[in-house]
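**Student:** There's a structure below that I have some questions on.
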Amino acid sequence: MQSRLAAAGDWADAAGHGRPQSSGSVEQLSSLTPLRGIAALWVVLFHFCWRFPSIHPDRYTGAVYKGYLAVDLFFVLSGFVITHVYKESFARQVTAGRYRDFLKARITRIYPLHIAVLLLFVAAVIAERIATYVLKGFAEPIPLVGEQSLSGLLANLLMLQGLWARGLSWNNPAWSISLEFLAYLLFPLLSSVLLRAGPAGKTAFGTVPLTVLGWLAYRTGDYFNQWNGTYAILRCLPEFIAGSLLYSGYQSGLLAPLLATDTILLLIMLLLGVLLHIAAPDLGIIALFPLLILTAVRNKGWLARLLNSAPLVWLGDISYSVYLLHWFVLFVVLETVRLASGVDLAQLPPKPSLLLLTAMIGVSLGLATLSYRFVEVTGRRWLRKRLDVRPGSEVAGCGDSRSGGRA
């Protein structure tokens, strides 16, 4: 079962959390980083629970197996955050220099961790082939085509894996990073039109993503776990555009006093929780994500203080690493158990399944904490120097650590 997150895209640097703003920096947005962290953990639970069916989370709630919808939340968030940071850069004119700087900044955010985890997969697959040869006297070579193939490796290096994830994947969740990069390629061109449009024009533009998502729901039987090919593209781009348009509503201040109250945010969270619990239609759940984002970013009450507590901010900071690394943890566990004992994890009884699942989550969080510090941050700085990314042109993506908006 392959949900594959966002989460690729734009986990931005200006999360807010009470830090002072430097002069000339973009306004920081609070509460979005913790939302990403919660969503990333939701995806991990979704992917891991499929491998341990004896746990049967669906007996208690429909929310776990709706975890693929976290990707949709990521796409909307990314459009919102990118527009927040780059609204001034592309509102009047899209120049070749600004476009180039924008793409270089996006690459410095997404690429270091993506490549690091990709190399981990390559090393693990080679090690698995060697171990198989030692134990059994033979091993299959890495194929030329298909998943974990040489052609897939090339596609991942070029960020093209999301165009046909079923045949190009190494790290399955990375499909969304590829498609969000496609959204980045289009964003400067679209934003110059969207940001200059008046209220009527933005309303008209808003009907486009709604229509596409409605059509997608119809064509897929309202199953948005579409991670491959055309349907995945038609999932990502309209939601990214919807996030960009949502930012216009935020910027206008429409209903801001009402949306800032704890009561409204609590109602949205409770309604979303109920819909997830009863496994309501996907499109209805996705329709609440914009309201969740607006009320979360507006809120200044006790719910904002809870969302921006240290543990949730930490979870948001490492969320990109959690998203990309958890599939590697799953891969290593599956291959190790298969080679060492031939046991099928799907046949484990509930108690050992739950213990192993908990351990895998703990390992994923631990690796992500290290990865954030030594791969994401360090790799980003190294690549910024190599690409000569100018200060002020870099903002995070859904593949990044924070969900606010400071360059």
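**Student:** If one takes the longest principal axis of the Cα atoms in the chain, at what angle in degrees, from 0 to 90 and to the nearest 10, does the Cα axis of helix 175-194 lie?
**Tutor:** Taking Cα atoms only, the helix is inclined about 10 degrees.
**Student:** Follow-up question, since we're still on this one. In degrees, nearest 10, range 0 to 90: what is the angle between the Cα axis of helix 262-277 and the longest Cα principal axis of the chain?
**Tutor:** Approximately 30 degrees, to the nearest ten.
**Student:** Just report the Cα centroid separation between segment 226-295 and segment 300-332, whole Å.
**Tutor:** After rounding, the separation between the Cα centres reads 19 Å.
**Student:** Measure nothing but the geometry: give the 0 to 90° angle between the long axis through the Cα atoms of 378-387 and the longest principal axis through the Cα atoms of the chain, rounded to 10°.
**Tutor:** Rounded to the nearest ten degrees, it is 60.
**Student:** So, with +1 on the Cβ of K and R and -1 on the Cβ of D and E, and no other charges, what is the size of the charge dipole of the chain about its Cα centre, to the nearest 20 debye?
**Tutor:** Its charge dipole is roughly 760 debye.
**Student:** Now, a different point. Hey, in the GNM for the chain with a 10 angstrom Cα cutoff, which one of 199, 34, 290 fluctuates hardest?
**Tutor:** Result for the chain, Cα springs under 10 Å: 199 fluctuates most.
**Student:** Residue by residue, what Karplus-based ³J(HN,Hα) values in Hz, rounded to whole numbers, does segment 152-157 have, using 6.51, -1.76 and 1.60 with θ = phi - 60° and x for Gly and Pro?
**Tutor:** So the J values, rounded to whole Hz, are x, 4, 4, 4, 5, 5.
**Student:** Does segment 159-281 classify as rounded, prolate or oblate by the C-alpha gyration tensor (a ≥ b ≥ c root eigenvalues; a/c under 1.5 gives rounded; else a/b over b/c gives prolate, otherwise oblate)?
**Tutor:** oblate
**Student:** Here's another thing I want to ask about it. Placing +1 on the Cβ of each Lys and Arg and -1 on the Cβ of each Asp and Glu in the chain, which of 303, 342, 377 has its Cα farthest towards the positive end of the resulting dipole?
**Tutor:** So the residue we want is 377.
**Student:** Which value, in Å³ per residue, describes the convex hull spanned by the Cα atoms of segment 332-389?
**Tutor:** 107
**Student:** Compare the peptides 314-325, 103-114 by average per-residue count of other Cβ atoms within 10 angstrom and give them in order, highest first.
**Tutor:** Packing proxy ranking, top to bottom: 314-325, 103-114.
**Student:** Here's something else I'd like to know. Which of 191, 314, 178 sits closest to the plus end of the dipole of the chain, meaning its Cα is farthest towards the positive end, when Lys and Arg get +1 and Asp and Glu get -1 on the C-beta?
**Tutor:** The residue sitting farthest along the positive end of the dipole is 191.
**Student:** Using the Cα gyration tensor of segment 240-399, with a ≥ b ≥ c the square roots of its eigenvalues, what is the shape: rounded (a/c below 1.5), prolate (a/b larger than b/c) or oblate (neither)?
**Tutor:** oblate
**Student:** Over the Cα atoms of segment 10-398, what Rg and Dmax result, in angstrom?
**Tutor:** Computed over the Cα atoms of segment 10-398, radius of gyration and Dmax are 21.1, 70 Å.
Quick note: the coordinates plus some simple rules give every number you see, no bench work behind them. This one's a predicted model, so the numbers in the text were calculated from it and none came from an experiment. Every residue, glycine as well, gets a Cβ built from its backbone with ideal geometry; the counts of neighbours run over all protein chains shown.
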